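The values are calculated or read from the model by the stated rules, or taken from the named source; none is laboratory data. What you are looking at is a predicted structure, and each value in this text was computed from that prediction instead of being measured. Note that each Cβ is placed from the backbone with ideal geometry, even for glycine, and that neighbours are counted across all protein chains shown.
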Amino acid sequence: MSKVLISMPDKIASRMRASIPQKQRSKVIVELIEKEIEKREKALYECAAAVEQDHELNQEMKDWDVTLQDGLNNESW
């Protein structure tokens, strides 16, 4: 388990101390961060899936494949 030091506005820290018992704070913060990470990972996955389904973009990317090794084999050093 890692310990992490975070900064937050005084007002939020005060509200947290008033509403979340001391021994539950780490658990609550971890749960909130996990939810945020899952939300962001889902958005990233959906973006990648949309790119995969974009046939026009995929065709354009294939058109550029001919330049992948352009000039790299001609180096003499």
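Details
- The condition of being acidic (Asp, Glu), surrounded by 10 or more Cβ atoms within 10 Å (Cβ to Cβ) and at pLDDT below 95 holds for only one of Asp63, Asp54, Asp70, that being Asp54.
- First in segment 34-50 and modelled with pLDDT under 95, second anywhere and not charged (D, E, K, R), Cβ under 6 Å, 6 or more apart: none
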